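The values are calculated or read from the model by the stated rules, or taken from the named source; none is laboratory data. It should be emphasised that the depicted structure is a prediction, and the values quoted were computed from it without experimental measurement. Cβ atoms come from the backbone with ideal geometry, glycine included; neighbour counts cover every protein chain shown.
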Amino acid sequence: WQISDRRVFRFAAQQLVSLVHVAFDYLAFSEDVGFYVGRETFHGISKASLVWNLVRDLILYLYLQEQEAGLVVLFGLMLALLSDFFKIQRVLKPALVIRPRFPLFFIVTAPLRTPPAKATAKYDKEATSHLYLATFPMLF
């Protein structure tokens, strides 16, 4: 096993790219949290896309965990998952309801009160149906 100039350059480039990637992941995470912390109204934000992003990031994280990916990659995805959970908690305000009959539990979200929020929900529903039509054939 010899150390050549080419291998040292590749190693240095890989470390630099990893460092920049982690820095951008941190900046994106702090911007996401900063955007959602001070807001009271969330009209214009797609609720379905928030849930879709959470499911996508969770599947990707579990796949990369199974493939034994590097800690840098898994750390970035863990930050994305935490950010997604935080966004859903802020926008949807989910609550777990437990009942003595079937179904034993379900999740309810905050009702839409303002006209802009209702308009956003209407557009969100239409866009989500188009998204499902486009992505459903990819499953097979």
Checked pairs for the stretch 110-131, first in a helix (DSSP H, G or I), second of a type in the set (D, E, K, R), C-beta under 9 Å and 6 or more apart or across chains, list as Thr120/Lys47; Ala121/Lys47; Asp124/Lys47
Going through Leu60, Leu71 one at a time, which residue ends up being surrounded by fewer than 10 Cβ atoms within 10 Å (Cβ to Cβ), among the aliphatic types (A, V, I, L, M) and modelled with pLDDT of 80 or more? Leu71
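Does Thr120 qualify as being of a type in the set (S, T, N, Q), exposed (fewer than 14 other Cβ atoms within 10 Å of the Cβ) and modelled with pLDDT under 85?
Working: of a type in the set (S, T, N, Q): yes; exposed (fewer than 14 other Cβ atoms within 10 Å of the Cβ): no; modelled with pLDDT under 85: yes.
No, not satisfied.
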Quick one: would you say Val97 is assigned to a helix (DSSP H, G or I), among the hydrophobic types (A, V, I, L, M, F, W, C) and either touching a residue at least 40 places away in the same chain (Cβ under 8 Å) or touching a Phe, Trp or Tyr at 6+ places or on another chain (Cβ under 8 Å) (or both)? no
